[in-house]
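S.K.: Attaching a single structure in structure tokens format; questions to follow.
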Amino acid sequence: MKFDTPATTNPIDQLKVVGQPLDRIDGPRKTTGTAPYAYERHDIVADPAYGHVVGASIAKGRITGMDLSAAERAPGVIAIVTAESAGKLEKGNFNTAHLLGGPVIEHYHQAVALVVAESFEQARAAAHLVRIDYATETGSFDLHAAKGAATAPEPNDLTGPIDTHVGDFPRAFAAAPVTLDATYSTPDHSHAMMEPHATLARWEGDQLTVWTSNQMIAWAQADLAKTLGIGKDKVRVVSPFIGGGFGGKLFLRSDVVLAALGARAAKRPVKVALQRPLIANNTTHRPATLQRIRIGAERDGTITAIGHESWSGDLEGGGLETAVGQTRLLYAGANRMTAMRLAVLDLPEGNAMRAPGEAPGMMALEIAMDEMAEKLDMDPIEFRVRNDTNVDPEHPERPYSARSLAECMRLGAERFGWSARHARPAQRREGQWLIGMGMAAAFRNNLLMKSGARVRLDSAGRLRVETDMTDIGTGSYTIIAQTAAEMMGLPIESIDVRLGDSDYPVSAGSGGQFGANNATAGVYAACVKLREEVARRLGFNSQEAEFIDGQVRAGNRAVPLGEAAAAGDITAEDAIEYGNLDETYQQSTFGAHFVEAAVDTATGEIRLRRMLAVCAAGRILNPKSARSQVIGAMTMGAGAALMEELAVDTRRGFFVNHDLAGYEVPVHADIPHQDVIFLDETDPVSSPMKAKGVGELGICGVGAAVANAVYNATGVRVRDYPVTLDKHLDRLPDVA
């Protein structure tokens, strides 16, 4: 199905099932422990061998010797895989470094061996007996030190242009009566999902099947085949349940490759889970950024010049953290510039993490907007509203398909009690606590991707949906079932959803907040084709037929849906494909975050007291699961604001706090009551579902809202995340 004109009225608009806050259909399996995760596929293989990964203990250099003899003699050892024994391996299209290193070492904890044994304990014990000699080389591990050597990489579809210029930014900034020129920093972040990267691999002849934890099935299948040098038709990837990903499982990782190599060497199924200390350094992370923001405005608050420059680092051949993307689109301003630069660092691979680009970019931009509002003696919301725009500021011929940013901010202000906020910081006290309020805009682009599905109707009137779409805890099973139920006039209990298998049609996958809208649109397309075939078989005009309460109706005639399949199941397959509406219209999601924070005047301790998010993201397909997505994102944003930081050893080139004891994430006691409000909005330009996404919008701006609340409480501005007590303790107001 080609979607190249805005959607009109269609069966989804009935909202009998879609748009309802239904419980997750996969919930009972998850809460009873019967959902099959990658490392627990006892139903597939009862007695697998176990693989334990050995990671490099240097960040850059070469292996000069590897002694496997003691490990090979250890009890239970079946095989040991190294780069030498594995033979020639390619590098996947989405991988910056090789997933099995040797002799060249590209980063710390790059996998260099897999020990396969009868039990996990035997594999782990033997792995500690592997002796490796290295010749280390000098590496670059400090973004601040490497900033001066950063360069402009070649642009691609993900980055867009590296630099943009509109008008005369230098002249306008110099002439502006009110200006801000400030630098901000965000640290490296770890995905820190609950389920580690894990895979069970089995060879049957030359056919490989991997049960793994991966967000993008088709990408994993293609890159695994390429890495192993076999045909894609020889690889099946199965990932029906994923215990969190946040972008860390978008791409093929070492657990999959090593499980496949280990199974081939052991001649039996092998399962591998990356041990928690390996995940931070062996897989990907959100790269640190340095950001300079300059804003010039008239005294009435009208922005006349806005500039945003960002520096990030990655391995040779890696990519940018696109932290300036939202600044190109969010606020008006006749004179503008953005620029991104990439430094070569020998740290582990930087890559996508929930809302790549906008999450760290908004952490800086939305502090800068507050700082500018203070210089102008304006309320932060009114300053943002003053510079709202209905068109892409860099390409004003492109209007927004829908933009309700001002409505989000004003509704949020009303519900949160923003009028009680003191404009002058450090004015509200409750005993030893200083109390402040902060807010920030939320912004995330709406990405469109081709997405396919197959639907099968049986004579009992039950429908099966098959698509390689994944559910990373987001609710994909449920909204796909809701879509099919709405389209075919069935109760949700009559829908059987099968996900996460490369034998199914290729979907958009889970990532970039694009999964829900695109995957359900793909199911919509398949159901349209099925409706046409059902109508034909039952003798209805497909344009007149209505699918209601398990029946097909037209005029005075009504036939049970299942009768169409009396002679055998009916199968229909299609995909949603997009025209150029995204070129004609700028498609984005918007919101506003509000935070109340308290700061202890004696210790500097920060406690969050209230949080509110107001979101405008098209049709909300399931308000219950969407709310869960947003409060989860708000929690992650609070973590980024107050505690999360991968500490870099700039001498040896690795992340020191590479486990959940040292890498702090929010716990229940850190998170206050959270409210979420969704504006009643549809976007017919987005898809037939008229929906967008919310999973990443919910994190964008949260960090700045927290930082702005802390500033309002204390009068101490912190521009380097995380906002920890040591950064403001010596500047807090005196205790009365």
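S.K.: How big is the gap, in Å, between the Cα center of segment 384-447 and the Cα center of segment 167-236?
M.R.: If we compute the Cα centre of each part, the gap is 30 Å.
S.K.: To continue, here is another question. Just the number please: accessible area per residue for the chain, 1.4 Å probe, all protein chains included, in Å².
M.R.: Accessible area per residue, the chain: 37 Å².
S.K.: Now, a different point. Report, to the nearest whole %, how much of the accessible area of the chain belongs to carbon and sulfur atoms, 1.4 Å probe, protein only.
M.R.: For the chain, the apolar C and S fraction of the accessible surface comes to 48 percent.
S.K.: Taking segment 311-359, which GluC sites (Glu not before Pro) meet the DSSP loop condition and have no more than 16 other C-beta atoms within 10 Å?
M.R.: Sites meeting the loop and neighbour criteria: Glu316.
S.K.: Hydropathy at least 0.0 by Kyte-Doolittle, axial extent at least 24 angstrom from the Cα trace: which helices of the chain, defined as entire DSSP H runs, fit?
M.R.: Result, helices passing both filters: 358-376, 623-642.
S.K.: So how much accessible area does Ser419 have, in Å² to the nearest 10, using a 1.4 Å probe?
M.R.: Spelled out: Ser419, probe radius 1.4 Å, area about 120 Å².
S.K.: State whether the chain is rounded, prolate or oblate according to the following rule on the C-alpha gyration tensor (a ≥ b ≥ c being the square roots of its eigenvalues): a/c under 1.5 gives rounded; otherwise a/b larger than b/c gives prolate, and the remaining case gives oblate.
M.R.: oblate
S.K.: Further question: Between segment 276-334 and segment 613-627, how far is it from one alpha carbon centroid to the other, in angstrom?
M.R.: Segment 276-334 and segment 613-627 have Cα centres separated by 26 Å.
S.K.: Also, I was wondering about something else. Lys and Arg at +1, Asp and Glu at -1: add these up for the other residues within a Cβ distance under 9 Å of Trp211 and post the number.
M.R.: So the environment of Trp211 carries a net charge of +3.
S.K.: Follow-up. Any aspartates and glutamates with Cα under 13 Å of the Lys375 Cα? List them, leaving off those in the same chain fewer than 8 positions away.
M.R.: Counting by Cα, and skipping residues close in sequence, Lys375 has these aspartates and glutamates nearby: Asp181, Glu298, Asp300.
S.K.: Something else: Answer rounded, prolate or oblate for segment 168-241, using the Cα gyration tensor with square roots of eigenvalues a ≥ b ≥ c: rounded when a/c is under 1.5, else prolate when a/b is larger than b/c, else oblate.
M.R.: Prolate, because a/c is 1.5 or more and a/b exceeds b/c.
S.K.: Keeping every protein chain in place, order Leu490, Leu129 by accessible area at 1.4 Å, biggest value first, i.e. largest first.
M.R.: Result of the area sort, largest leading: Leu129, Leu490.
S.K.: In this model, which of Lys91/Lys147; Lys226/Lys271; Lys271/Lys692 are farther than 32 Å apart at the alpha-carbon?
M.R.: Among Lys91/Lys147; Lys226/Lys271; Lys271/Lys692, the Cα-Cα distance tops 32 Å for Lys271/Lys692.
S.K.: Assign one of three labels to segment 600-733, namely rounded, prolate or oblate, based on the Cα gyration tensor with a ≥ b ≥ c the square roots of its eigenvalues; rounded applies when a/c is under 1.5, prolate when it is not and a/b is larger than b/c, and oblate otherwise.
M.R.: Because a/c hits 1.5 or more and a/b exceeds b/c, segment 600-733 counts as prolate.
S.K.: While we're on this one: Which value, in Å² rounded to 10, gives the accessible area of His52 with a 1.4 Å probe and all protein chains present?
M.R.: Answer for His52: close to 20 Å² accessible.
S.K.: Per residue of segment 56-68, what does 6.51 cos²θ - 1.76 cosθ + 1.60 with θ = phi - 60° give for ³J(HN,Hα)? Whole Hz please, x for Gly and Pro, Karplus curve as stated.
M.R.: Once rounded to whole Hz, the list reads 4, 9, 10, 9, 7, x, 9, 7, 9, x, 9, 9, 9.
S.K.: Another question, if that's okay. Mind grabbing the accessible area of Lys375 for me, 1.4 Å probe, Å², rounded to tens?
M.R.: Answer for Lys375: close to 120 Å² accessible.
The values are calculated or read from the model by the stated rules, or taken from the named source; none is laboratory data. All values derive from a computational prediction rather than experimental measurement. We place every Cβ from the backbone using ideal geometry, glycine too, and count neighbours over all the protein chains shown. What goes into the accessible areas is simple: the full protein's heavy atoms, side chains included, and nothing from ligands, DNA or RNA. Shrake-Rupley method; radii C 1.70, N 1.55, O 1.52, S 1.80 Å.
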